[in-house]
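See below for the structure under consideration.
Each value in this text was obtained by applying a stated rule to the coordinates, not by laboratory testing. From a predicted model like this one, the values you see are computed outputs, not experimental measurements. Ideal geometry is used to build each Cβ from the backbone, glycine not excepted, and the neighbour counts take in all protein chains shown.
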Amino acid sequence: MTKIVVNTMMTISLGLGLCLAPVASQAKDWQLKNLSTLDKAETMAVAANSHGQIAGVIENSDGWRQATLYEKGGLKQLGTLGGDESYASGINEKGEISGAAQLPDGRWHAIIYSKAKGMVDVGPIWARNSQATAINDAGQVAGYADAPNGGWHAFVRELDGDHTDLGTLGGKISYANAINASGVVVGASRTANGEMHAFVYQPGKGMIDLGTLGGRTSSATGISDAGYVVGTSETADRKFHAFIWDGKKMIDIGKNLSFGNSYATSINNKNQVVGNLVEGYYDRKTFIIDAGESTIRHRQTGLFQTNMITNNGTVVGSKVLADRYHAYVLNQEELTPVEQIKAFNWLLLGKWLAVLMVLVAGGALFYRWQHKPWHAGTQQHQLTT
């Protein structure tokens, strides 16, 4: 990995101390043995907790996808709600996993999986289809679901089982992408004039439009317990830059990263930020902003898809090896495969976008889950929806 130092330095205010001069340190890329006997499958690490539990998705040889839990060297498929497929989107410190699963009739419902209760349907009763996108340590779930007006709305499932419709910024669409310990939710919503904007939803205060970096669209994908928000926005010159929102304004952290478009996907409680730099579909780099410096990890030492950073600094996502997705964990100087098993390559050529949603007769919404539920994929889907 090459060390690149940019002369222009910017430190974000309010004690964040995020210095945006890219630097680098030499990383190891070592291999573990196969962690599963499954053959012809592709894997993605979506989220992790500080106990080393990793939530993800596997596509089996028959083409069906299932949510997975990786821990202690083993990989467990979590099943469905009676249908063929499921996926995971988040995991909390208790090991509870959020996501969605298919019902026997093909509909999708938001789920929570735990070892004690197994897979539980937590979708709003008003919605034919729903998905959970994040879960906090208390067990509150954020997601989005069909709305009566023919669009879909972000929601929160409270601890008592009730659901709160978070509404929109004036349009018919809103997504929830992350939720912090205080129940504050971030995501993206259509505005009254048709633009897609990042939002923060604060309980008791409602949805706040975070605006953009001068462009037409933005999406928020991560929030710390202190309330700092990260995401991506279009700029005035029609590029996409990672941003951080400090509670008052949206700050461009992508302009000093120096590589094409940038997408921030996660922030932890130490204010470490991760994401991807993209200069073409196959030219993707991982950036990690930590303790006053920004590290750019190139293709060999970084992740093709960078999804999340935990509070203890573990980064999860995937690499593409021989046209195959493999779940990976990045721990400081070590890039470790969660699983390496034979696979086929249907995931490539743009299929890593989150989910394709279509409207059908009567304005009802259903999900044709042809795209991947990776966090950055969700973000880029939202920016172009």
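Less than 5 angstrom separates the built amide H of G214 from none of the residues sequence-distant by 5 or more or on a different chain.
Among M196, A236, M207, which residue has its Cα positioned farthest towards the positive end of the charge dipole of segment 190-237, with +1 placed on the Cβ of Lys and Arg, -1 on the Cβ of Asp and Glu, and the dipole taken about the Cα centre? Value: M207. The phi-based Karplus calculation (6.51 cos²θ - 1.76 cosθ + 1.60; θ = phi - 60°) puts the 3J(HN,Hα) values of segment 214-228 at x, x, 9, 9, 7, 8, 9, 10, x, 8, 8, 5, 7, x, 6 Hz, whole numbers, x for Gly and Pro.
Under 5 Å between amide hydrogens, built in the peptide plane, is the criterion, and for I91 it picks out A48, S98, I135 among residues at least 5 positions away or on other chains. E279 sits among other residues whose Cβ lies under 14 Å from its own Cβ, and their net charge, with Lys and Arg +1 and Asp and Glu -1, is +3. Cross-link list K255/K285; K172/K248; K205/K248; K248/K285: which exceed 20 angstrom alpha carbon to alpha carbon? K172/K248; K248/K285, as the Cα separations exceed 20 Å there.
Between the amide H of G83 and those of Q102, L103, distances stay under 5 Å, these residues lying 5 or more places away or on another chain, with hydrogens modeled in the peptide plane.
What ranking do 306-312, 56-62 get when scored by the average of other Cβ atoms within 10 Å per residue, highest first? Please list the in-between numbers first.
Working: 306-312: 23.6, 56-62: 20.0.
Highest-to-lowest ranking by the protection proxy: 306-312, 56-62.
The packing ranking of peptides 100-107, 180-187, highest mean first, is 180-187, 100-107, where packing means the average number of other beta carbon atoms within 10 angstrom of each residue.
Sorting 43-49, 121-127 by average packing, meaning the other beta carbons within 10 Å per residue, from highest down gives 43-49, 121-127. Rounded to the nearest Hz, the phi-derived 3J(HN,Hα) couplings of segment 103-120 under the Karplus curve 6.51 cos²θ - 1.76 cosθ + 1.60 (θ = phi - 60°) are 8, x, 8, x, 6, 10, 10, 4, 9, 10, 10, 9, 5, 6, 10, x, 8, 10, where x marks glycine and proline.
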